[in-house]
Structures are given as C-alpha cells and as structure tokens.
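A quick write-up on the structure given underneath.
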Amino acid sequence: MKYVSTRGEAPVLGFADVLLAGLASDGGLYVPEAWPSQPSLPPSGDLAYADVAAEVMWPYVDGAIDRTAFEVLVHDAYSSFTHADVCPVRPLDDGLFLCELFWGPTIAFKDVALQLVGRLFDHELTRRDERATIVVATSGDTGSAAIEACRGRASLDIVVLHPKGRVSDVQRKQMTTVDVPNVHNVAVEGTFDDCQAIVKRLFADEAFRTDVRLSAMNSINWARVMAQVVYYVTATRTVRAETGAPSAAFAVPTGNFGNVFAGWVARRTGTPISQLVVGSNRNDILTRWLATGIMSASEVHPTLSPSMDIQVSSNVERLLFELYDRHAHLLADRMAELADTGRAETGDTRLAAVTEVFDGFAVDDEATKAEIRRTLDATGVVVDPHTAVGIAAARATRRDPATPMICLATAHPAKFPDAVEAAVGVRPELPEHLADLFDRSERYDELPNDAAAVAAYVRRAVGA
C-alpha cells in the first residue's frame, strides 16, 4: 500500500514513512493511493476483536511490516483493555445501540487507536535505530491517550499542548500527573484550534521538523484513522447478527471529523453503513457545513463537551479530497481559502455527495443534560456529555427506524463528572486504576499562544 497527500506536492510514501511523518510535507494529509476492499470475515462471534482488527487493517500496512509481527502488536495493544470485547455493543432503546469505546487505559475512545499506534511507532523506530519527538495538540482526550501510548518508550519523546482552562479536571490530571522523563505537558493560553495551529506551524518548519525528528499522533496521522475503522466493522457485525438488519447507521459526536471519517472509510471499503450522523455542540461548523455547503469558522465557545470545542476540523480535508475527485490542486485552493478567510464553499453538487450518507445536528448544553437524564431514566445507563450529544443527534436525524442506529460512546462518564452530576445528580466514580488520580502531583508548564515559544520549549525538552 502506498499513500498520497491531499495537497498533491508531497512524495508518495509507504505505510511506515506515513506513520512517522504524520502530516505530509506539503501540509496535506496522507490517504491510501487506492481504497482496498475489506477482507472476507467469518460470521460475527467467531473472531475476537484483535483478530478482526488485524484482518481489517492488514491491507493498509501490507509491505511495511511482517504479518506475524503486526498481529503480535495488535493483540498486545488490545490486551490493555479491561473488557473482553474491547469495544462492546449494548442495546439502549428504540432500536438504538451503544458502542462503548472507553475500556482502554485512559477511558476514552482515543485509546482504541493510540494503544496500537504507540506500539507501531516503537516497532518501526527500533527497527531503524532512530528516535522521534511526538508533538500533540489535544482538546482533552488525545493527550492522555498519546501519553499512555508513549510513556517510558526508549524511542520516543512526547510534548502535549492543551488549551489552558478548557479541558476537564480529569482530562488535565490524566496528562499532567504522568511523571516520566519522556513526557512533557504544556498549557497554552488559547483554544484547541490555537494549539492545533501551532502544531501545524511546527510541521511546516522543515529545519525544526528535522532537528527534533518531529512526528504526530493526532488524527492527522493516517494510522489513527486506520485503527478506528475497525470498531465500525465489529459493531456493524454485532448488531446485524442480533437484529438481522441488512445495514447499520452510526451517530458520532465529533469535532475534528477524524472519528466519523473512519466510519466513511469503513463504508467506502465494504461495511454496510447507511447513515453517518455528525453530532456537534454549540461549536457547530460541521453541522452548518452539512446544511449549507459552506465551511465557516467562528469563535470557539466553551461547552460541557470540551473535546468538541473546535472550529477547524482537520480531517474534513480527507473527505474533501474524495469529493474533489482527488484533484489535489482544487482541494488545496479550498483549504488555502479557508485558512486565509475562515470561509470556504464546497458547492451544491459536492454537498449532495456528502449528504447522501452524512447528517448533522447541533446540541446545546441544556439539550445535552436533558439527553443524559433521558438515557439514564429510560435505560439505566449513565453517559458522558459527548456521548449524549451523539445520542441526541441520532434521535433527531435518524432516517429509517428499521435500521439499527449505533451511537459511539466516546468517553467514560467519570471523565466529565461535573457535567454528569449537573444533569442527573449522580457523580460517576473513576475506575479503580484511576481512583487516586486527584491525589497525584501535577507537572506541566504554561506558554503563550506562540509557535516560536513552543518550538523553543520542545528543543529544550528533547535536547535538540
């Protein structure tokens, strides 16, 4: 498998180089040169999650890693999850199902990809006798999951940027209480979009990128998307086996579009998915785009679902590349327009191709709390505010009541205890392995919203 950049100016690379590069050298995102067909799988229930994962992901890594070595890495990654099914599916009500993605070490869906991605990095860097520096911008969950994937690994340093005061206390402490030499945390005066813009500027600086051997574990890294495709496959298989339905629909709370784009990839490569619902909070750039065909960034508003407090959804670029029939120059023009003016229009024809499968719905904080209450009253299940956004969006936009709708539960409710308690009067407890989180000492630095200051910090941190 070879990979091309959405901007068309970066070299074509194999999987291992794409993994280590993260962002393409021309500022684009890597995608497969051609979409593979999903391999044929035995009936649901005959394979463990890790077995399905190895089969589904193999076409994307073929030629870059030995098959047996890859299978070992996959099985090792998912052995760190505390549920035997890794990403279990449970019924809710009215034909809705919940796919729980929070059974990994940091109790959020980012673990599903990053537990594998960290091992892939370590494997490839060790093979090359090299070391890399991971710089990650996080709206809350990616940071702790990336740290957990990298902590103590001899081949990696990691620097995580989070927006100061804009992540939950649990999210922050999961990052800042990790006291190992290769982990560095920074609170940036700004929003997640500011943090992400800094990371992109660091990647655009070729000298800096080379000096610190820069790489990324954000969803700009193709390996993240690849690993997320798997749970769309397994959840669809489970629900179809239980209901006899020919296809499934998904509702996904999303800000950066990476999680729901993985659903599009699953559909494109053969999983029978009839609808993909994008759940947004007040920061509704994706919902507005799906309604109008105009992508227009506005102010970032703090909400009860902070991981979605985003106005620049990086992974939309991968979908736009397909909508522009892989004409990289057309895509590059739109992305430049969005960067320069904060606004880009994709047009009615391309919008129709998107809305054939995608629907969007925005949920404000009061509706989020109402959905947490409704789900608890109806099912006895407590959900976090991001998951509640997805469920509310599913109820509002579901096209076919006969098609099972799978809502992705992206975080454990204890990751956002204040929001859950405000909604239902119940403060969810952290799992046992995190029970003493608030007794642990924090270690992090504070920096202004300035790429040069962050670059200097990274150089000092990694000794470059």
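For every residue, the table says whether it meets (1) in contact (Cβ under 8 Å) with a residue 12 or more places away in the chain; (2) of a type in the set (Val, Ile, Thr); (3) under 30 Å from PRO272 (Cβ atoms).
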site	(1), (2), (3)
ALA394	yes, no, yes
THR410	yes, yes, yes
PRO417	yes, no, no
ALA423	yes, no, no
GLU429	yes, no, no
HIS433	yes, no, no
GLU442	yes, no, no
PRO448	yes, no, no
VAL454	yes, yes, no
If we ask which residues in region 96-114 are out of contact with any strand residue (DSSP E or B) (no Cβ under 6 Å at 6 or more places or on another chain) and either β-branched (Val, Ile, Thr) or surrounded by fewer than 24 Cβ atoms within 10 Å (Cβ to Cβ) (or both), their number turns out to be 5
Only one of (1) open to solvent by 10 Å² or more (accessible area, probe 1.4 Å); (2) out of contact with any Asp or Glu (no Cβ under 6 Å at 6 or more places or on another chain); (3) in contact (Cβ under 8 Å) with a residue 40 or more places away in the chain does not apply to LYS164, and that is (2)
Which pairs do you get when a residue that is among the aromatic types (Phe, Trp, Tyr), found in region 275-301, comes within reach of a residue that is open to solvent by less than 20 Å² (accessible area, probe 1.4 Å), reach meaning Cβ atoms under 6 angstrom, with the pair 6+ apart or on two chains? TRP289/MET295
Suppose we keep only residues that are in contact (Cβ under 8 Å) with a residue 24 or more places away in the chain, open to solvent by 20 Å² or more (accessible area, probe 1.4 Å) and of a type in the set (D, E, K, R) within region 202-241. Which one would you say is farthest from PRO36 (Cα to Cα)? ASP211
Of the residues in region 213-236, how many are modelled with pLDDT of 95 or more, farther than 14 Å from ALA21 by Cβ and in contact with a helix residue (DSSP H, G or I) (Cβ under 9 Å, 6 or more places away or on another chain)? 11
Please go through (1) buried (at least 22 other Cβ atoms within 10 Å of the Cβ); (2) over 23 Å from THR355 (Cβ atoms); (3) modelled with pLDDT of 95 or more for ALA249 and return the number of the only condition it doesn't satisfy. (2)
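Yes/no matrix, rows are residues, columns are (1) surrounded by 16 or more Cβ atoms within 10 Å (Cβ to Cβ); (2) in contact with a helix residue (DSSP H, G or I) (Cβ under 6 Å, 6 or more places away or on another chain); (3) at pLDDT 95 or above:
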{"residue": "SER5", "(1), (2), (3)": "yes, no, yes"}
{"residue": "ALA21", "(1), (2), (3)": "yes, no, no"}
{"residue": "ALA34", "(1), (2), (3)": "no, no, yes"}
{"residue": "PRO43", "(1), (2), (3)": "no, no, no"}
{"residue": "ASP46", "(1), (2), (3)": "no, no, no"}
{"residue": "PRO59", "(1), (2), (3)": "yes, no, yes"}
State which residue is nearest to the chain's Cα centre (by Cα) when the search covers only region 432-461 and only residues that are under 20 Å from ASP179 (Cα atoms) and assigned to a loop (DSSP other than H, G, I, E, B). TYR444
For the subset of region 110-146 comprising residues that are touching a Leu at 6+ places or on another chain (Cβ under 8 Å) and polar (S, T, N, Q), which member is farthest from TYR457 (Cα to Cα)? THR142
If we ask which residues in region 258-282 are more than 12 Å from GLY360 (Cα to Cα) and outside any helix (DSSP H, G or I), their number turns out to be 7
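Every residue, every condition in (1) touching a residue at least 24 places away in the same chain (Cβ under 8 Å); (2) under 18 Å from the mean Cα position of the chain (by Cα); (3) in a helix (DSSP H, G or I); (4) closer than 30 Å to ALA84 by Cβ, yes or no:
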{"position": "VAL112", "(1), (2), (3), (4)": "yes, yes, yes, yes"}
{"position": "GLN115", "(1), (2), (3), (4)": "yes, yes, yes, yes"}
{"position": "GLU124", "(1), (2), (3), (4)": "yes, no, yes, yes"}
{"position": "GLU130", "(1), (2), (3), (4)": "yes, no, no, no"}
{"position": "VAL136", "(1), (2), (3), (4)": "yes, yes, no, yes"}
{"position": "ALA145", "(1), (2), (3), (4)": "yes, yes, yes, yes"}
{"position": "ARG153", "(1), (2), (3), (4)": "yes, no, no, yes"}
{"position": "GLN174", "(1), (2), (3), (4)": "yes, yes, yes, yes"}
{"position": "PRO181", "(1), (2), (3), (4)": "no, no, no, no"}
Can you name the condition, by its number, that PHE261 falls short on among (1) touching a Leu at 6+ places or on another chain (Cβ under 7 Å); (2) open to solvent by 40 Å² or more (accessible area, probe 1.4 Å)? (2)
Looking at ALA409, is it within 26 Å of GLY360 (Cα to Cα), more than 21 Å from the chain's Cα centre (by Cα), of a type in the set (A, V, I, L, M) and at pLDDT 95 or above? no
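Restricting to region 288-338, what's the tally of residues that are of a type outside the set (A, V, I, L, M, F, W, C), under 21 Å from the mean Cα position of the chain (by Cα) and open to solvent by less than 50 Å² (accessible area, probe 1.4 Å)? Let's see the steps before the verdict.
Filtering region 288-338 down to residues of a type outside the set (A, V, I, L, M, F, W, C) leaves 288, 292-293, 296, 298-299, 301-303, 305-307, 309, 311, 313-315, 317-318, 322, 324-327, 329, 333-334, 337.
Still in the running and under 21 Å from the mean Cα position of the chain (by Cα): 288, 301-303, 305-307, 309, 311, 313-315, 317-318, 322.
Within this subset, residues satisfying the condition of being open to solvent by less than 50 Å² (accessible area, probe 1.4 Å) are 301, 303, 305-307, 309, 311, 313-315, 317-318, 322.
Qualifying residue count, region 288-338: 13.
The values are calculated or read from the model by the stated rules, or taken from the named source; none is laboratory data. In this text the structure is predicted, and so the values were computed from the model without any measurement. Cβ: placed from backbone, ideal geometry, glycine included. Neighbour counts: every protein chain shown. Each accessible area value is taken on the protein alone, full model and side chains, heavy atoms only, with ligands, DNA and RNA left out. Shrake-Rupley method; radii C 1.70, N 1.55, O 1.52, S 1.80 Å.
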